[in-house]
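The values are calculated or read from the model by the stated rules, or taken from the named source; none is laboratory data. Fair warning: this is a prediction, and the values are worked out from it, not measured in the lab. Positions of Cβ are generated from backbone atoms using ideal geometry, with glycine treated the same way; all protein chains shown enter the neighbour counts. Calculation scope for accessible area: heavy atoms of the full protein, side chains included, ligands and nucleic acids excluded. Shrake-Rupley method; radii C 1.70, N 1.55, O 1.52, S 1.80 Å.
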Amino acid sequence: MVIDLDRCTGCAACEVACKSENNLATVSPEQAEMGRAMSWMKVISEVEGEFPNSTLQFFPRPCMHCDNPPCVKVCPVSATYLGEDGIVGQIYARCIGCRYCANACPYTVKYFNWYGPEWSESELQHLNPDVSVRPKGVIEKCTFCHHRLQKAKEDARAEGRELREEDFQPACAEICPTRAIIFGDLDDPTHRVATLKDDPRSMRLMEELGTEPKVYYLRSRA
Amino acid sequence: MPATGEGNGKPGLTRREFVWTMGAAAAAYGLQDLPDENGIFWSPEPKVELGWAPGLEEFRTSTCLICPSRCGIRGRLVDGRLVRVVGNQLHPLSRGGVCPRGIAGLQMVYHPERISGPMVAEGARGGGNWRGVSRDEALTLLTERLRASRTVAGPESLALVAGYCAGSMQALWHQFLRSYGSPNYVADDYADGTDCVMGLMHGIRRRPAYDLEQASLVLSFGAPLFESWWSPLQAYVAFGGSDEDGGQRPRFIQVDARFSRTAARTQEWVGVKPGTHSVLALGIAYVLIRNDLHDADFLSRHVAGFEDAVDGAGATTEGYRSLVLRNYRTEEVSAVTGVPVERITALARAFGSSPAPVAVCGADVTQAPNGLQAGMAVHSLNLLLGRVNRPGGVIFGKDPPLAPLASPVLDDAARAGLTSQPVAGPGPAFGTGDVASRFARAVAAGDGRVENLLLYYADPLASSVHPEAWRAALARIPFVVSFSPYLDETTRHADLVLPDLVSFERWQDAPSPASYPYPVWGVAQPLVEPQVDGIATGDAVLAVASRLGGSVAQSLAYPSFEELLKERAKGLFEIRRGMLFASEFEGRHHRQMEERGWWLREHDEFEEFWEDLVDRGGWTDLFHDFTDPAGIAQTPDGLIDLMPEELTRALVANGLDRTPYIGLTGDDAVPPADFPLRLMPYRVSTLASGTLSLERWLAEVPGLFPETLWYPWVEVHPDTVRTLGLEEDTMVWISSSRGRMRARLKVFPGTAPGNVCVPYRLQHPDGELANPLQLLDGPTDPLTGLAPWFTTFVRLDQVGAVD
Ligand code: SF4
Ligand code: SF4
């Protein structure tokens, strides 16, 4: 994934699209106060300087899907793993809720379900049937909309062809009104991300930790 | 699903209780099998129940009706349930983008707080006791009431307060009121005075549209482009640029008195003192004229009032050029606006030398004192550079060429009613002003004519600048009907509630917003079955009209609102221009054809055309005739007027300085000792349309503060917080001479010291309203009739310390 910070307006469409696609539960206002709100994709903002010289940077922050993921190493039950397709997965049924991984993640993108999700009878209707809701006591995080990848792969197989770039887009990239989020296979030279990751504006968060994140940011021009 | 309003619309319940006690139905997806208390250390495999099968997936095109932008959407349905809202790539304005509100619109459809069916107040109105009635009973009740009042009290006894509604819903209401005989259409929408600016200068009473996508430089004066503008999506699409033409993107510069999200994300932010946007504009004009950067050719051919005028008697009236050169010297402008001299010069040079610049005027400009002239000052930059009716400039949009409704049939009663004075009384010198407040005040002051009040997308008790007038007015009106799908503040005081179906459930048309240069006619078709026993208000109006019979029924002889839309679409079918929504590539092709005078017929039959129109989302015409002089001015002499006579007359009549562009000094009032801070209300993007924040997902989306979830807040500079001895993250009272509200204190270095910025109108989780407009205490502008937003001073006190 490549995120062009020069295009991001901080509208948070990606954030809400993710909540909708992945059935994210909402915690109560008090729990939110305690930092327990969950947002697999989160638009982080950093303000610098005082009026009238303030500047601000938005960082839409999903899971970095590290090639060398610290969270995977600490999980005692292999509930979190690096898949063959490069996506860091999370098996809810295996998770014992020890939260080691959440603490190990330098990007703080792993969320713990302190409570079970609360949906009213009517709200259950709008849940996405492709994604399971998470019970109390497990860790959850961005999956790059892995369920979409599976579906796209099946469709491609059924049609007897290779997976194309446009076949698989996560919900955030699909919705972004300024097309700041670009998604594809970093290893496939025909995909836009493969070129963009080598752009002079390209950088990764906390690269020095050796996590090898698969999310690249293009620095703002202005 | 409960059949009627009984039980669900419990007015005693606050939003919080609804959300947090009606929830907890964790019934689906095998969750009921999970251990509740000790589940932390294990979780069983998810269960797939017997007979489970993958759902039937379907995508349907529609239009989001949540804000004026009217973006194209597609709903993903699984087994008839709406599970996702995505963008419609073919929509010319939104191009596949959707904002958070559109996405979270799902939570409006399936919200537990929806009123479940028509209901009637039992006992004292506002007491919170409701009786569910059938749709038929409700319609009969309303019809009988209207019939009786029409004969006894006269048709002027009916009034409608309508929030933003464009297109056929608005046309329908007008037709209904006209044929009934009521002059009381009370608009409670987004009057911002920009249409008056255009009317005065161009003779075209229409809000200006901006061709942002083709502009090279967008200089926005307080327009909340990325937040609550007419169409944030239009701004996003322009900001993102096209991938096709080499990634060309306009440069955006934001002039704002507040470090807004727009200011933060445009390439440059120019921080000004509140209310001084127009002074900066004229300071830029000064540099442009001084350095001969203006378009002398355009000015001489199309603009009056630029040069001094000498009348028959030899007396000279100063023109715009002299006025600006004499009054807006860079040093003086710098002192008033707080923008350094070099910065003003650089801005002017950037604007003057850019190939296709455009100056956008936001409501922050026209809501300042002297708002009308302030708006003219900003727009004059476009005139100086000849940026009217040009690609990338200001364009006067056109309405889609729909077939009009049949002309209303008026009986004697209707004719008599229509000649009566509207209750709201005469408007301000220009435009309509705040009709809703005038209406409420007139009723409160004793105009007893109104017997029946209809509320359509209007919740004045929560949103108005004058809620106290509304409270008094409501107490005097015998019968109040609300069409709101939710039990909002004003609906609680209704006698009858006929809940509308929400966006994604009803048929509606969706013309493009005022800011978009091309005519667009989006169609909203229902994506899901209604989740409650409501009735689409369009259908309710038609049903009442038909039951009333006589001329009202004759004027509105449509079997359903869907049929009405279809009838109107025949105008598009027959016009021989434009196209149904199509890809960007096809759109360009179409435009090129039309430029050459060609037009390709795509459909022979209207039925096919209609089906395709609904399926693709709408109709548009991307061809604009840049050579048509009527696109520049429609004044008697065909010239744009920089110094309109009409304005001078109005200024004199109101005892003001008769020279336009003078006296734009901002508000240099010294704050009174007990109210030391200037209040700056603003609209947040997640709430721009002013509806209640009902969606939980949106309550978790940040303003500029990711940590601000759920609670209304106030932004204050760190020094101010220190001086006042307040503490971050605590609740404070914000008080003005008129009242007070609670908000959470947020330290924000982007706010100028001495100002406090308060989002317009959030709600506390317990339902308490937080509407900063109720604190405004400035006098209404005599020319525009609007309340100034930035002239109120307030005080902050720790909650608890002063109660
Ligand atoms: S949707 Fe796009 S523009 Fe909006 S916050 Fe996310 S990345 Fe930024
Ligand atoms: S900008 Fe307005 S119309 Fe567009 S998706 Fe958002 S709420 Fe809907």
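At 7 Å along Cα-to-Cβ for each site, give me the label-to-label distance between residue B:654 and residue B:342 in nm.
Inter-label distance under the simple model: 4.0 nm.
Report, in degrees rounded to the nearest 10, the 0 to 90 angle that the Cα long axis of helix B:584-595 makes with the longest principal axis of chain B.
Here the helix axis deviates by roughly 50 degrees.
Rounding to the nearest 10 and keeping the result within 0 to 90°, find how far the Cα-based axis of helix B:467-476 lies from the longest principal axis of chain B.
The angle comes out at about 50 degrees.
Nearest 0.05, what FRET efficiency do residue B:311 and residue B:731 give at R0 = 60 Å with Cβ-Cβ as r?
Working: r = 62 Å, r/R0 = 1.04.
That pair, residue B:311 with residue B:731, gives E of 0.45.
Would you mind computing, in nm to one decimal, how far apart the modelled labels at residue B:719 and residue B:399 are, each placed 7 Å from Cα along Cα→Cβ?
5.2
Which listed residue (B:224, B:432, B:88) has the Cα farthest towards the positive end of the charge dipole for chain B, taking +1 on Lys and Arg C-beta and -1 on Asp and Glu C-beta about the Cα centre?
Value: B:432.
What is the packing order of peptides B:338-349, B:69-80, B:99-110, taking the mean over residues of other C-beta atoms within 10 Å and listing the highest first?
Answer by packing, highest mean first, reads B:99-110, B:69-80, B:338-349.
First measure r as the distance between the Cβ atoms of residue B:742 and residue A:59, then evaluate 1/(1 + (r/R0)^6) with R0 = 22 Å and state the FRET efficiency to the nearest 0.05. Walk me through the intermediate numbers first.
Values: r = 31 Å, r/R0 = 1.43.
So the FRET efficiency works out to roughly 0.10.
Any idea what the relative contact order of chain B is, in percent, if you count C-alpha pairs under 8 Å spaced at least 6 apart?
18
The range B:65-90: which residues show an accessible-area loss of 20 Å² or more, assembly versus chain alone, 1.4 Å probe?
Residues meeting the cut-off: B:76, B:81, B:83, B:84, B:86.
Could you check how much of the accessible area of the range B:59-109 is carbon and sulfur, as a whole percent, using a 1.4 Å probe? Before the final figure, lay out the partial values.
Details: 490 of 1000 Å².
For the range B:59-109, the apolar C and S fraction of the accessible surface comes to 49 percent.
Given 0.36 nm per residue, what is the gain on full extension from residue B:57 to residue B:599 after removing their alpha carbon distance, in nm?
Between residue B:57 and residue B:599, full extension yields an extra 191.4 nm.
Putting +1 on Lys and Arg Cβ atoms and -1 on Asp and Glu Cβ atoms, find which of A:105, B:549, B:314 reaches farthest to the positive end of the dipole of the protein assembly as shown.
Ranked along the dipole, the leading option is B:314.
Starting from the amide H of residue B:581, placed 1.01 Å from N in the peptide plane, find each other amide H under 5 Å away whose residue is 5 or more places distant or on another chain.
Those qualifying (amide H under 5 Å, at least 5 residues apart or on another chain) are B:618, B:619, B:620.
For the range B:73-127 and the range A:6-34, what is the separation of their Cα centres, given in Å?
Spelled out, the Cα-based centre of one part sits 18 Å from the other.
If you filter the range A:1-87 for chymotrypsin sites (Phe, Trp or Tyr not before Pro), then keep DSSP loop positions with at most 13 other Cβ within 10 Å, what is left?
none
How shielded is B:315-325 by partner chains, expressed as the average number of their Cβ atoms within 10 Å of its Cβ atoms? If you can, show how the numbers build up before the last one.
Numbers: counts 0, 0, 0, 0, 0, 0, 0, 0, 0, 0, 0.
Neighbouring Cβ atoms belonging to other protein chains average 0 per residue here.
Rounded to the nearest 500, what is chain A's calculated 222 nm mean residue ellipticity when only DSSP H runs of at least 4 contribute -39500 (n - 2.57) each, over all residues?
-5000 deg cm²/dmol
In Å² (nearest 100), what accessible area is buried between A and B, both sides summed, heavy protein atoms only, 1.4 Å probe?
Chain pair A/B: roughly 6600 Å² of buried accessible area.
Roughly how many whole Å is it from the C-alpha centroid of the range B:392-412 to that of the range B:510-553?
Cα centres, the range B:392-412 to the range B:510-553: 16 Å.
How high is the FRET efficiency from residue B:248 to residue A:164, r the C-beta distance, R0 25 Å, rounded to 0.05? Intermediate values should be presented prior to the final figure.
Working: r = 27 Å, r/R0 = 1.08.
So, using R0 = 25 Å, E works out to roughly 0.40.
Given +1 on the Cβ of Lys and Arg, -1 on the Cβ of Asp and Glu, and no further charges, what dipole in debye does the protein assembly as shown carry about its Cα centre, rounded to the nearest 20?
1120
Please list 3J(HN,Hα) in residue order for the range B:786-793, calculated via the Karplus relation 6.51 cos²θ - 1.76 cosθ + 1.60 where θ = phi - 60°; whole Hz, with x for glycine and proline.
9, 7, x, 8, 10, 10, 9, 9
Can you find, among B:714, B:348, A:175, the residue sitting farthest towards the positive end of the charge dipole of the protein assembly as shown, where Lys and Arg contribute +1 and Asp and Glu -1 at Cβ?
B:714
What fraction of the DSSP beta bridges in chain B is antiparallel, stated in percent and rounded to the nearest 5?
Antiparallel: roughly 55 percent of the beta bridges in chain B.
Which whole-Hz couplings ³J(HN,Hα) result when phi for each residue of the range B:163-179 is put into the Karplus expression 6.51 cos²θ - 1.76 cosθ + 1.60, θ = phi - 60°, listed in order with x for Gly and Pro?
Rounded to whole hertz, the list is x, 4, 9, 10, x, 6, 5, 5, 4, 5, 4, 4, 4, 4, 5, 4, 5.
Among the DSSP beta bridges whose two residues both lie in the range B:448-583, what percent are antiparallel, rounded to the nearest 5?
Expressed as a percentage, antiparallel bridges in the range B:448-583 total about 40.
What are the residues whose amide H is under 5 Å from the amide H of residue B:524, where those residues sit 5 or more places off or on another chain and H is modelled from the backbone?
Those qualifying (amide H under 5 Å, at least 5 residues apart or on another chain) are B:63, B:508, B:509, B:510.
If you put +1 on each Lys and Arg Cβ and -1 on each Asp and Glu Cβ, how big is the dipole of chain B around its Cα centre, in Debye rounded to 20?
Value, rounded to 20: 1040 debye.
If you place +1 on the Cβ of every Lys and Arg, -1 on the Cβ of every Asp and Glu, and leave all else neutral, what size is the dipole of the range B:209-395 about its Cα centre, to the nearest 20 Debye?
360
Amide H of residue B:770 versus every other amide H placed in the peptide plane: which residues, excluding those fewer than 5 positions away on the same chain, fall under 5 Å?
For residue B:770, whose amide H was placed from the backbone, the distant partners under 5 Å are B:762, B:764.
Hey, in the GNM for chain A with a 10 angstrom Cα cutoff, which one of A:197, A:151, A:42 fluctuates hardest?
Comparing A:197, A:151, A:42 in a Gaussian network model of chain A, the most mobile one is A:151.
Nearest 10 degrees is fine. How inclined is helix B:341-353 to the longest principal axis of chain B, computing both from alpha carbons?
The answer is roughly 80 degrees.
Modelling each spin label as a point 7 Å along the Cα-to-Cβ direction, I'd like the residue B:136/residue A:47 distance in nm, to one decimal.
It is 5.8 nm.
Place a point 7 Å from the Cα of residue B:798 along the Cα-to-Cβ direction; which residues of the range B:719-742 have their backbone N under 19 Å from it?
Residues B:719-735, B:741-742 fall inside that zone.
Is there a simple number for the mean count of other chain Cβ atoms within 10 Å of the Cβ of residues in A:49-61, and what is it?
Averaged over the peptide's residues, the number is 6.
Could you please state how large a percent of the accessible area of the range A:22-148 is carbon and sulfur, counting protein chains only and using a 1.4 Å probe?
Within the range A:22-148, the accessible surface is 50 percent carbon and sulfur.
Which value, in Å², gives the accessible area per residue of chain B when a 1.4 Å probe is used on the protein heavy atoms? List each step's numbers first, then the result.
On the way: 28720 Å² over 803 residues.
Accessible surface, normalised per residue, equals 36 Å².
Would you mind telling me the antiparallel percentage of the DSSP bridges in the protein assembly as shown, rounded to 5?
So the antiparallel bridges in the protein assembly as shown amount to around 60 percent.
Mind ordering B:750-762, B:571-583 by average Cβ neighbours within 10 Å, highest first?
Going by the mean number of other Cβ atoms within 10 Å, highest first, we get B:750-762, B:571-583.
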